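The values are calculated or read from the model by the stated rules, or taken from the named source; none is laboratory data. These figures come from a predicted structure and were not determined experimentally. Cβ placement follows ideal geometry from the backbone for every residue including glycine, while neighbour counts extend to all protein chains displayed. Ligands, DNA and RNA are stripped out before the accessible areas are found, and what is left, the full protein with its side chains, is counted by its heavy atoms. Shrake-Rupley method; radii C 1.70, N 1.55, O 1.52, S 1.80 Å.
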Amino acid sequence: MPYPFLQGISIVESSAFVPAPLAGLALAQFGADVIRIDAIGGGIDYRRAPRMNANGRSLFWTSLNAGKRSMAIDFRKPEARELIQELVYQTGNLLTNRAAPWLAHSILSERRPDLISCVIEGNPDGSSVMECTLNSATGFPLLARDNLQARPVNSQLPAWDVITAYQAAFAFVGAINRRLVSGEGSLIKLAMSDVAFSTMSHLGLLTEADVLGRDRAPVGNNIYGAFGRDFETADGHRLMVAAITSGQWSSLVTCCDLELQIAQVEAQLGLDFSDEMQRYEGRVAIVDLFEPWFRSRSFAVVAERLDQYQVSWGEYTSAKQLLDNDSRVGLNNPLFEVLETAGVGRHISAGIAARFDGVGRTPGAAAPLLGTHTDEILHEILGLSGSEIGRLHDSGVIAGPEADPFA
């Protein structure tokens, strides 16, 4: 469900995988007309898992491209490239992670000096990097281990893809404002590795390594610098408990009736658990006190007690359990709506998470079949006639939705 803030802005998106398509989705959810350019029959991510079935439509692709317009075109043909260039000239906005020389800002800006080009890269030198190979360089998989001898633990969340996407969308909006103020265009280059390493700097990890000359030890499922851990209940449920602030710590201790035992451990270790870093230092002894409390009680009893004392906690659940049981996910939350996507059917879909007081959202649109909007884009933006569009179809330069393998 988009907001109207970028109405009147059209953006040409030539992309694949996560960062650029997710950035385009964010811009579309703020009201921009995002025109996704794809190869006839689909690009390298058009069949990416998860899919409806072994040969079915990609839920990955349809989720990332909801609310965009689709143009199917044969990139290999010179005439197709000229059409895409003309679209960029007319819209003045390009979002891409493809290193295509014919989409270079230096070429396109000669005719459109106020052009905004946002180019998402792997590394600043233009070389490739993937989420998994970049994350391995950040040290986070080493921190997620339980000890120094354990294997690195990869995250299934493509964090750098996602953060890069939203930084790209934010940068694009900044460039739009710059153009409104000064009339200047912008070439934005955003490298995923720069996003990852700058985030590490902002969070203090690089500063820690630089100033203190050391690596942080593995923390496993503990919260670094405070107290937080996962616990299992008597009936096999697992939950995460966080006690970062002094109030959260006091609530947890009181909830579990462990005031006396905690005081004894503090005295034995010479630590003051009212200080969050000292709670982290004493985490092993603290866990030894709390684990029996959780293991001796059912999840229902634990949950009721934690809520009674306003402890910060959450249950570990799967995506299906989240969808079935969590009141924050579903149509009672205005973030969500139901869409009907060709080849997928009816499904839940989320809009942008930001909530603007007093501003209504408009109904969202499902991801289209490839080429659904080819003809209307060429007519509305480039002014091509029906006969000209027909000739392009006949010569195989463009295609409509009938060429989509899932039509």
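Brief remarks on what is shown
- Scanning region 295-308 for residues that are open to solvent by less than 70 Å² (accessible area, probe 1.4 Å) and hydroxyl-bearing (Ser, Thr, Tyr) yields a single hit, 298.
- Selection status of residue 357, without any contact (Cβ under 8 Å) to a residue 12 or more places away in the chain, loosely packed, with under 15 Cβ neighbours inside 10 Å and in a helix (DSSP H, G or I): no
- Test result for residue 231, farther than 24 Å from residue 161 by Cβ and aromatic (Phe, Trp, Tyr): yes
- Taking region 363-399 as the range and being exposed (fewer than 13 other Cβ atoms within 10 Å of the Cβ) and hydroxyl-bearing (Ser, Thr, Tyr) as the test, the residues that pass are 385, 387, 395.
- From 195, 219, residue being surrounded by 15 or more Cβ atoms within 10 Å (Cβ to Cβ) and in a loop (DSSP other than H, G, I, E, B): 219
- Matching residues, region 272-294, being more than 21 Å from residue 234 (Cα to Cα) and either crowded, with 17+ Cβ neighbours inside 10 Å or not small (Gly, Ala, Ser) (or both): 272, 273, 275, 276, 277, 278, 279, 280, 281, 282, 283
- Residue within region 120-132 that is part of a helix (DSSP H, G or I) and open to solvent by less than 80 Å² (accessible area, probe 1.4 Å) present: yes
- Qualifying residue in region 48-71 (condition: in contact with a helix residue (DSSP H, G or I) (Cβ under 8 Å, 6 or more places away or on another chain), of a type in the set (A, V, I, L, M, F, W, C), in a loop (DSSP other than H, G, I, E, B) and open to solvent by less than 60 Å² (accessible area, probe 1.4 Å)): yes
- Within the option set 104, 137, 150, being open to solvent by 50 Å² or more (accessible area, probe 1.4 Å) and of a type in the set (Gly, Ala, Ser) holds for one residue only, 137.
- Scope region 72-96; condition acidic (Asp, Glu) and either open to solvent by 40 Å² or more (accessible area, probe 1.4 Å) or modelled with pLDDT under 95 (or both); matching residues: 79, 82, 86
- Residue-level analysis places residue 181 outside the set of residues that are at pLDDT 95 or above, in contact with a helix residue (DSSP H, G or I) (Cβ under 8 Å, 6 or more places away or on another chain) and of a type in the set (A, V, I, L, M, F, W, C).
- If the condition is being more than 29 Å from residue 64 (Cα to Cα), free of Cβ contacts under 8 Å to residues at least 12 places away in the same chain and not in a helix (DSSP H, G or I), then region 145-185 contributes 149, 151.
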